Structures are given as structure tokens and as C-alpha cells.
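*Asks:* I am attaching a structure below and will ask some questions about it afterwards.
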Amino acid sequence: MKIKNRIIGPNEFPFVIAEIGINHNGNIEIAKKMVLEAAKSGAECIKHQTHFVEDEMTEEAKSIFPPNADMSIWDVMEKCSLSRDDEISLKNHTENLGMIYLSTPFSRSAADFLFEIGVKAFKIGSGEADNLPLIRHVVQFQQPIILSTGMQSITSLRKSVEIINNS
């Protein structure tokens with residue numbers, strides 16, 4: 001696999017990806033500091049999460065409260081998401097430091113956005129690894145895909161892998 005100019009494979013030097021995710025709590029300055037620290041640590045790539053809450057959740061999520069949370073999952077994700085402009089700023093910051101910017105889209109509109117801003121690969125999170133509509137949508141961009149499998153089984157991944165391999 002090749003992402004930008006970096007070849008990734010069993011005979012290559014390990015590709016170090018720093019997970020930023022939503023650990024910035026929706027604060028672009030914290031996100032940028034995290035990227036800077038990842039660069040100082042030698043990471044070649046950061047992986048973010050792109051959440052457009054209105055496209056990835058139903059209204060029911062406004063009444064679902066995670067364990068030990070005092071706000072709904074909708075509110076948690078809305079609070080932890082970056083705006084589109086902030087996402088672009090984070091991508092530019094990352095690339096200005098010579099790193100590769102990846103993000104996990106949690107909806108088709110997030111995938112569209114990431115493609116429009118020029119991401120060079122997509123990361124599908126393990127919780128979305130059997131989200132066949134999302135995977136079918138992402139493969140149309142003909143970009144490399146990293147498919148996380150942590151929450152899946154061989155059986156639940158079979159169709160996703162088939163879709164990716166046949167693209």
C-alpha cells in the first residue's frame with residue numbers, strides 16, 4: 001500500500017500513526033498541540049476522526065446517555081467534533097509539519113468532505129468495519145483504505161473485505 005509517497009508493507013520500516021481521534025474535545029488549539037507533539041515524537045502520520053453528528057446519528061441519540069455521562073451521546077460527539085474549517089486547519093497544520101493526515105469518516109458526508117479536502121487515504125474504524133454502505137461509498141474514491149478490525153470477527157468482516165478487494 002502507498003499513502004502519499006510512503007510505501008507501507010511487511011518489508012518496510014513501521015509506519016507510525018499517532019491517534020488524535022476526538023481527544024482534543026473539540027478544541028482546535030489542543031488538536032494542533034497534539035499533532036505537534038506527535039511530530040516531535042517521530043510519528044509520520046496522525047489519524048483524526050471526522051464527525052458530522054447530524055449525518056451519523058438519528059434524533060434518538062439525543063436521549064441515549066453513555067454510562068457515567070451526564071450528556072447524551074449526540075451532545076458528547078457534537079462537543080468533541082471539529083468544524084469543517086477547523087478540520088481543514090488541522091490537516092494543513094499536519095501537512096506543514098511534514099506529516100500525513102488521515103481521518104476516519106463516520107458518515108458518507110464526512111467521507112465526501114475528506115475526499116474534497118484531499119486526504120490521501122481513509123481509515124475505517126472497527127465500529128464501522130461492517131458498515132457496508134459507508135465502505136461502498138469510500139471505495140469509490142479509489143484511495144487506500146486502512147480497515148480496523150478490533151471489534152469484528154472474520155465472519156462480520158468478510159463482506160467488507162470483499163467490497164474493498166473488488167474496488
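The values are calculated or read from the model by the stated rules, or taken from the named source; none is laboratory data. Just so we're clear, the structure is a prediction, and the values are computed from it rather than from any experiment. In this analysis, Cβ positions are derived from the backbone assuming ideal geometry, glycine residues included, and neighbour counts consider all displayed protein chains. Each accessible area value is taken on the protein alone, full model and side chains, heavy atoms only, with ligands, DNA and RNA left out. Shrake-Rupley method; radii C 1.70, N 1.55, O 1.52, S 1.80 Å.
*Asks:* Which number in (1) touching a strand residue (DSSP E or B) at 6+ places or on another chain (Cβ under 8 Å); (2) open to solvent by less than 40 Å² (accessible area, probe 1.4 Å); (3) closer than 19 Å to residue 144 by Cα marks the one condition that residue 38 misses?
*Replies:* Of the numbered conditions (1) touching a strand residue (DSSP E or B) at 6+ places or on another chain (Cβ under 8 Å); (2) open to solvent by less than 40 Å² (accessible area, probe 1.4 Å); (3) closer than 19 Å to residue 144 by Cα, the odd one out for residue 38 is (3).
Residues are listed down the side, and each one gets a yes or a no for (1) of a type in the set (Val, Ile, Thr); (2) at pLDDT below 95:
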residue	(1), (2)
50	yes, no
73	yes, yes
90	no, no
109	no, no
112	no, no
127	no, yes
139	yes, no
156	no, yes
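*Asks:* Right, another one. Answer with yes or no whether residue 29 is open to solvent by 70 Å² or more (accessible area, probe 1.4 Å) and modelled with pLDDT of 95 or more.
*Replies:* Yes, satisfied.
*Asks:* Then there is this: Looking at segment 134-167, which of its residues are in a helix (DSSP H, G or I) and open to solvent by less than 70 Å² (accessible area, probe 1.4 Å)?
*Replies:* Answer for segment 134-167, where residues must be in a helix (DSSP H, G or I) and open to solvent by less than 70 Å² (accessible area, probe 1.4 Å): 134, 135, 137, 138, 139, 156, 157, 160, 161, 163, 164.
Results for (1) of a type outside the set (A, V, I, L, M, F, W, C); (2) surrounded by fewer than 15 Cβ atoms within 10 Å (Cβ to Cβ); (3) within 17 Å of the chain's Cα centre (by Cα), shown as yes or no for each residue.
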| site | (1), (2), (3) |
| --- | --- |
| 15 | no, no, yes |
| 34 | no, no, yes |
| 50 | yes, no, yes |
| 63 | yes, yes, no |
| 83 | yes, yes, yes |
| 91 | yes, no, yes |
| 96 | yes, yes, no |
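*Asks:* Out of segment 68-95, which residues are free of Cβ contacts under 8 Å to residues at least 12 places away in the same chain, assigned to a helix (DSSP H, G or I) and polar (S, T, N, Q)?
*Replies:* Listed by number, the list holds a single entry, 92.
*Asks:* Hey, does segment 31-44 have a residue that's in a strand (DSSP E or B), out of contact with any helix residue (DSSP H, G or I) (no Cβ under 6 Å at 6 or more places or on another chain) and in contact (Cβ under 8 Å) with a residue 60 or more places away in the chain?
*Replies:* No, that holds for no residue.
*Asks:* Identify, from the list 69, 61, the residue that is at pLDDT 90 or above and of a type in the set (A, V, I, L, M).
*Replies:* Of 69, 61, the one residue that is at pLDDT 90 or above and of a type in the set (A, V, I, L, M) is 61.
*Asks:* Could you run through segment 112-129 and say how many residues are in contact with a Ser or Thr (Cβ under 9 Å, 6 or more places away or on another chain) and either open to solvent by 50 Å² or more (accessible area, probe 1.4 Å) or touching a residue at least 60 places away in the same chain (Cβ under 8 Å) (or both)?
*Replies:* Count: 4.
*Asks:* Tell me, yes or no, whether segment 1-10 has at least one residue that is of a type outside the set (Val, Ile, Thr), under 25 Å from residue 106 (Cβ atoms) and in contact with a Ser or Thr (Cβ under 8 Å, 6 or more places away or on another chain).
*Replies:* no
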